[in-house]
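The values are calculated or read from the model by the stated rules, or taken from the named source; none is laboratory data. Remember, it's a predicted structure, so these values are computed and weren't measured experimentally. Cβ sites come from the backbone with ideal geometry, for glycine too, and all protein chains shown count toward neighbours.
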Amino acid sequence: MPLICVAAPKGGVGKTTLAANLAEALHRAGRCVLAIDFDPQNALRLHFGLPVRDGAGFVTELPQRPDWQELVRHTACGVGLLPHGTNDIHAALRLNAALEREPELLLAPLRAMLADPALVVVADLPPGPSHPLHLLAPIADLVVAVLLADATSAALVPEIDSGRFLGTGTMAALHTGRVRVVLNQVDPQSRLSRAVAEALARHLGPRLLGAVCRDEAVAEALAAQHLLHELAPESAAALDIEEIAQGIAALLPAPAEAAVP
Amino acid sequence: MGQDSDVVRVAAALKSPGIRYRSFGNEPVRGTAHPQADVSNSFPLLGAAIEAAATEARSVPMPAEPSAPLAGGPPASFIPLPADYASRPSPGPVDLSYPVPAPAPAPRQAEAAPRPAPPQPDPSIAEAAPRPVASTPQPVPPRLPAGSAEAHQHLLQALAPPAVLPVPAFPPGAPPQATGGTLAALLGAAAQGVPQAPWPSPLPDSGLLPAAQVTLPLSEVMRLVATGSPSGKSPFAAFRIAGGRAGPQ
């Protein structure tokens, strides 16, 4: 039932990597997890071992209003996966216009999936302001905003504070309360990275959900098409992600409670 | 081993099958395995991606003529802007509102009959479905004057503790605790309070610390109020900036 959106005000922050590994960590913690890729880069599937050539996904089927249950892929780690699918620019623009006219194209099947009380949905969203983020933020239980410990990310914190990042207009303050921040690729050896991370930690306070240190094992895991816990479970980044997953699990209702209507 | 096949070839060419390979203790020139093979074995995504890209490239026909070089001036189709372009009046702001399609004209026979009321949408859907992006008014951030002090504010100085923290959406459940790792190190460094020299935290001139920087529990302050401070300091000293403006005792 809970919907966790993993988003970022800018690209290249490791949002998809974090979404994939958080989904797997939540699954290991005993949750039934479905990871949905709303990002046209269609990269979430690679973390779960799907072949590069496998371009199938739910977005290409969306105009035909498919049953999403039938499109779920079962991955080796046990996480259910709905890949975005490969789309060309014309199809993507047409779909965007269709979603603007009829948001229910996306929301209705998503709500059907969320009706399962035992299911935790981890949604990987496109970077920056996007139509899926605009649609999903109002129904999300938690929005995990991923930032780097760099100056550009620091400059984008006001976008998160103000709610402009979520694009939710007058409801921004309400939705901003559901945003938690994860600092990714924090480099303890870098003076700037340390300074930015500390400044952000002071500024965000309890809204800082976690921090992941810079670790080569993360990139190597993707290149090997394995999740980080499979390839390097004792790596520093894997332990950081584990801690973030525990933090998220603490925020969510327990699985037994979720079954109660 | 690579040298074995070399020796066999040499022995065959010289018709001297008795030739044997001896290393004399030297390292073999040829490696036992190709390093490229190790990399592709470790990272199968790399090989798969390159192969997929190569297949795509083969399926797309190459242009008949080589493309024009990027350097060496503008392309032939380049038309320079007219000389008075800069002085021309601005065409005005672009209308980014989403064009709503005009309703289809009703047939003539139906005009006489009263129109039935449109069906009301399901309230649950109407509540959950947000309005289209174009119709949601977004606050436009103000543009600061170029000479203002705020415009020159340092990037990290803009990250002072917020005046009002948003209400958490998760009242039940314990907040995430940093048990170790990067977050714990980060919070430990941040809790030391004094930021690094290049990015001093702006302090208010009221003489009071921001609430987030007060570390003394409120219960202890109340105890000091009730029993009096043994050091003779004000019970509220923990709320003030060290060396700041003195407040009422």
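So which residues in region A:144-165 are within 17 Å of A:His134 (Cβ to Cβ) and free of Cβ contacts under 8 Å to residues at least 40 places away in the same chain, if there are any at all?
A:Ser162, A:Gly163, A:Arg164
Okay, residues lined up against (1) more than 18 Å from the chain's Cα centre (by Cα); (2) more than 7 Å from chain B (Cβ to nearest Cβ):
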position: A:Ala108; (1), (2): yes, yes
position: A:Val120; (1), (2): no, yes
position: A:Leu125; (1), (2): no, yes
position: A:Pro132; (1), (2): no, yes
position: A:Ala154; (1), (2): yes, no
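Of the conditions (1) modelled with pLDDT of 90 or more; (2) of a type in the set (A, V, I, L, M); (3) within 28 Å of A:Thr176 (Cβ to Cβ), A:Met1 fails just one. Which one is it?
(1)
Right, A:Val186: at pLDDT 90 or above, touching a Cys at 6+ places or on another chain (Cβ under 6 Å) and at the interface with chain B (Cβ under 7 Å from one of its Cβ atoms) or not?
yes
Residues being in a loop (DSSP other than H, G, I, E, B), surrounded by 13 or more Cβ atoms within 10 Å (Cβ to Cβ) and modelled with pLDDT under 75: count how many of those fall in region B:209-232.
Number satisfying all stated conditions: 4.
Any idea how many residues of region A:234-246 are facing another protein chain (nearest Cβ under 9 Å) and surrounded by fewer than 22 Cβ atoms within 10 Å (Cβ to Cβ)? Please lay out each step first, then the result.
Applying the first criterion (facing another protein chain (nearest Cβ under 9 Å)) to region A:234-246 yields A:236-237, A:239-240, A:242-244, A:246.
From what's left, surrounded by fewer than 22 Cβ atoms within 10 Å (Cβ to Cβ): A:236, A:239, A:242, A:246.
Within region A:234-246, residues that are facing another protein chain (nearest Cβ under 9 Å) and surrounded by fewer than 22 Cβ atoms within 10 Å (Cβ to Cβ) number 4.
Which of the residues that make up region A:141-152 are farther than 18 Å from A:Ile241 by Cβ and either out of contact with any Leu (no Cβ under 8 Å at 6 or more places or on another chain) or within 9 Å of chain B (Cβ to nearest Cβ) (or both)?
A:Asp141, A:Ala151, A:Thr152
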